[in-house]
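See below for the structure under consideration.
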Amino acid sequence: MSDENVLKIVILGEGRVGKTSILSKYFKKKFNEGEKSTINPAFYEKAVNYNGKTIQFKFWDTAGQEQFNAISALYYQGAVGALLVYDVTIFETFQKVENWVRTLREAVGKISLLVVGNKFDISDKAELDKNSQAVNSYCSKENCSHMYTSAKTGYNVDEAFQSLINTVLNKVVSSGNSGGGNQRRGKRLEIGEHKKKEKEKKGCC
Ligand SMILES: Nc1nc2c(ncn2[C@@H]2O[C@H](COP(=O)(O)OP(=O)(O)OP(=O)(O)O)[C@@H](O)[C@H]2O)c(=O)[nH]1
Ligand SMILES: [Mg+2]
């Protein structure tokens, strides 16, 4: 498959928030209580048919630990979408999402973002309620979607991936409702064209 039909999505977030677990649940239908910290980034692939064309999505798992941050910068080059994961039981991990978004934008410009609050199965409703205003106001300011997930139970895992895939297909592959200032409207872009356009884009989504 030509590179032009391959779209890169990165999974980012602090260490131990559940990035690998979410990928494993989606791609392997498995959850591992003893999932070890990721050391070597790996990718998972999914082929999607869009308007009769096969598009290969590559989801890159990265290591969230601080010592790997310099390395992971290389891995989000060329990304058109990002799944930003935080742990709903440790709200500081949400504040780190803001850092990832800033870094991502500096590296790749405009990009489709989905923020997920993982470990919903062990969340405390009062805590969720307390934090929801900050989450909603950040996501609405930055034009990012937000969902709660559980890699353990599978809650919203398929929905999160499907939602991000749809957003990327709508905004990157088709220019009809891309929201991009410089993109042609009402006309499909060739899939590789987003790479040329990346340089022109600034801001979120
Ligand atoms: N209860 C619960 N535990 C989870 C969930 N997702 C992940 N975990 C657990 O959280 C721990 C960390 O999960 P990982 O998937 O390794 O987290 P990660 O973000 O990939 O971590 P790094 O690779 O270090 O960046 C593991 O013990 C998982 O079993 C979840 O939705 N619910
Ligand atoms: Mg991991």
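Among the residues of region 15-34, write down those that are in a helix (DSSP H, G or I) and within 15 Å of V116 (Cβ to Cβ).
If the condition is that a residue be in a helix (DSSP H, G or I) and within 15 Å of V116 (Cβ to Cβ), then K19, T20, S21, I22, L23, S24, K25, Y26 are the ones that fit.
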Members of region 99-120 that are buried (at least 16 other Cβ atoms within 10 Å of the Cβ) and charged (D, E, K, R): R105, K110, K119
Boolean, S37 is within 10 Å of ligand 1 (Cβ to nearest atom), of a type in the set (S, T, N, Q) and in a loop (DSSP other than H, G, I, E, B): yes
Candidate set: region 40-59, residues that are of a type in the set (S, T, N, Q) and part of a loop (DSSP other than H, G, I, E, B); chosen: the one farthest from ligand 2 (Cβ to nearest atom): N51
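Can you tell me which residues in region 99-131 are in contact (Cβ under 8 Å) with a residue 60 or more places away in the chain and charged (D, E, K, R)?
So in region 99-131, the residues in contact (Cβ under 8 Å) with a residue 60 or more places away in the chain come out as 100-101, 104-105, 108-113, 116, 118-119.
Scanning region 99-131 gives R105, K110, K119.
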Some residue of region 157-173 being modelled with pLDDT under 85, farther than 28 Å from F31 by Cα and out of contact with any Ser or Thr (no Cβ under 9 Å at 6 or more places or on another chain): yes
Selection count, region 126-177, where residues are surrounded by fewer than 18 Cβ atoms within 10 Å (Cβ to Cβ), farther than 17 Å from L84 by Cα and of a type in the set (S, T, Y): 2
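The values are calculated or read from the model by the stated rules, or taken from the named source; none is laboratory data. Note that this is a predicted model, so its numbers are computed, not measured. Cβ coordinates were reconstructed from backbone atoms using ideal geometry, including for glycine residues, and neighbour counts include every protein chain displayed.
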